[in-house]
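The values are calculated or read from the model by the stated rules, or taken from the named source; none is laboratory data. What you see is a predicted model, and the numbers here were worked out from it, not measured in a lab. So basically every Cβ, Gly included, is an ideal-geometry build from the backbone, and we count neighbours across all protein chains shown.
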């Protein structure tokens with residue numbers, strides 16, 4: 001099983017939050033629960049607002065527990081349709097595959113995912 005150190009998680013979270021501050025438009029995102037055992041994948045065109053919604057317990061049913069949630073991945077998409085297709089593909093992946101996406105940090109999306 002792939003695992004990350006606390007320092008690696010902090011670095012990922014810091015860079016992803018910075019990226020979200022400057023992005024507008026549709027994107028796929030991955031959140032990490034406070035327990036670091038659960039990842040959640042979603043789409044939004046207002047990511048920081050959506051993360052806050054998840055953290056208030058008002059987002060998806062899956063994220064109502066396990067918080068607080070931290071943004072660890074953001075992939076800008078050209079349209080809502082492409083974001084939905086990519087979200088579906090990521091949600092079908094294993095946890096280890098999702099962690100490999102985090103390691104790659106948007107540089108080269110896994111095979112089968114649309115490139116930016």
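Tallying residues that are crowded, with 20+ Cβ neighbours inside 10 Å and out of contact with any helix residue (DSSP H, G or I) (no Cβ under 8 Å at 6 or more places or on another chain) within the stretch 77-86 yields 2. Residues in the stretch 49-62 that are under 21 Å from residue 99 (Cα atoms) and out of contact with any strand residue (DSSP E or B) (no Cβ under 7 Å at 6 or more places or on another chain): there are none. Scanning the stretch 81-96 for residues that are at pLDDT 90 or above, out of contact with any strand residue (DSSP E or B) (no Cβ under 7 Å at 6 or more places or on another chain) and assigned to a helix (DSSP H, G or I) gives 81, 82, 85, 88, 89. Summed over the stretch 14-28, residues that are over 10 Å from the mean Cα position of the chain (by Cα), assigned to a helix (DSSP H, G or I) and either surrounded by 13 or more Cβ atoms within 10 Å (Cβ to Cβ) or modelled with pLDDT of 85 or more (or both) total 4. Among the candidates 74, 31, 48, 39, the residue that is crowded, with 16+ Cβ neighbours inside 10 Å and at pLDDT below 90 is uniquely 74.
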